[in-house]
Amino acid sequence: MTKDSTRSLASILRRSEKTTTDTTGTDTIGSSVRSRRRKAVTTAAGLLLLAATATANAAGPSSLFDRAGTGSDRSIAASNTMVLRSGSKGQAVKDLQRDLNRNGHHLTVDGIFGPETEVAVTAFQRAHRLTADGVVGPETRAALVAADYNNRSSTGYFLEFDKNWENPQDSRLSLVHDGKGVKSYRAGSGVGVTDECASNRGWLPDGTYRVEGHETHHDSSKIKGHAIRLQDKTCRPKAGHQAVTRGALYIHSEMRSDGTQAPDTPHHDDPWRWDGDTDYKSAGCIKLSPENIKDLFNRLDQAKWPALTLHVR
């Protein structure tokens, strides 16, 4: 870790405190809010320092975070010392593109730092009062981590669906309480199509959803048993395409209406029986294994089913 890198990380802490005062005014912001913003950026900078130290000292690649961590957490371990700019390629650029998508952008995660990625980086830098040069160094990376931390820091319970662009059927659904992950489950959405406007085929559109209800004995033509109902959501289409309102959205599994499994029919994929990894495909909802959706219900039963939102990104 160079002295220049250390100074860069320290400077973002100073800028964060100045930005808090400049944008809100000392008289209109509570000390708790200022404390939370400082904590978020301090956490981001601390994670970067920790990751850089681990990378420098390890004989080979090291992973500081497990599979249940956020995409931003994983990207720190993978590319904490790498400066990314137009023309960069590889896994570090994919991680960057996912982080930008979590902050409201809609980039194709292709690992190529092209014009669209540069525009998104510059827009993010302007929004966070960084030097808008389209180059991702320590300060921009720390701001991305801090933004993700703040998104996860709301009080109470919420659900978070973290899309896996390489394999939509190996995405993650997490239960979060007071900004801390309680449990993370493998989850699928769609049939492998990453176009969120593809009805009954694409995965869930990005955004925040109200959880509108839950049942343990749901009984419809396509979904049975444990099911969590989500509000309808209008997708954000690609250029030249029409927006579509996606409806009948659930978090569900494959089971009979009473929660049991249908008998095994050899050489037949029974919709009311969980047969393995291929069953993570869905008509655009979020699907968990029967074991995992029952575990999620059990945890929410213990929490007395608080008002919930789902964040999809």
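The values are calculated or read from the model by the stated rules, or taken from the named source; none is laboratory data. This is a predicted model, so every value here is computed, not measured. Cβ coordinates were reconstructed from backbone atoms using ideal geometry, including for glycine residues, and neighbour counts include every protein chain displayed. SASA here: full protein model, heavy atoms, side chains in, ligands and nucleic acids out. Shrake-Rupley method; radii C 1.70, N 1.55, O 1.52, S 1.80 Å.
A few remarks follow.
- Qualifying positions in the range 210-226 - open to solvent by 70 Å² or more (accessible area, probe 1.4 Å) and within 16 Å of residue 308 (Cα to Cα): 210, 212, 214, 215
- Checking residue 269 against (1) touching a helix residue (DSSP H, G or I) at 6+ places or on another chain (Cβ under 9 Å); (2) farther than 15 Å from residue 171 by Cβ; (3) of a type outside the set (Lys, Arg); (4) open to solvent by less than 60 Å² (accessible area, probe 1.4 Å), the condition it does not meet: (4)
- Among the numbered conditions (1) under 21 Å from residue 305 (Cα atoms); (2) in contact with an Asp or Glu (Cβ under 6 Å, 6 or more places away or on another chain), the only one that residue 178 does not meet is (2).
- Candidate set from the range 82-137 (those that are more than 25 Å from residue 239 (Cβ to Cβ) and part of a helix (DSSP H, G or I)); member that is least open to solvent (accessible area, probe 1.4 Å): 92
- Residue match in the range 227-235 (condition: open to solvent by 40 Å² or more (accessible area, probe 1.4 Å) and in contact with a Gly (Cβ under 8 Å, 6 or more places away or on another chain)): yes
- Positions within the range 186-244 being farther than 23 Å from residue 166 by Cα and in contact with a helix residue (DSSP H, G or I) (Cβ under 6 Å, 6 or more places away or on another chain), in sequence order: 226
- Applying the criterion of being modelled with pLDDT under 95 and in contact with a Phe, Trp or Tyr (Cβ under 7 Å, 6 or more places away or on another chain) to the residues of the range 286-309, the residue that is least open to solvent (accessible area, probe 1.4 Å) is 308.
- Residue match in the range 208-230 (condition: touching a residue at least 60 places away in the same chain (Cβ under 8 Å), out of contact with any Leu (no Cβ under 8 Å at 6 or more places or on another chain) and not in a strand (DSSP E or B)): yes
- Residues that are open to solvent by 90 Å² or more (accessible area, probe 1.4 Å) and either basic (Lys, Arg) or closer than 14 Å to residue 282 by Cβ (or both), drawn from the range 236-265: 236, 238, 256
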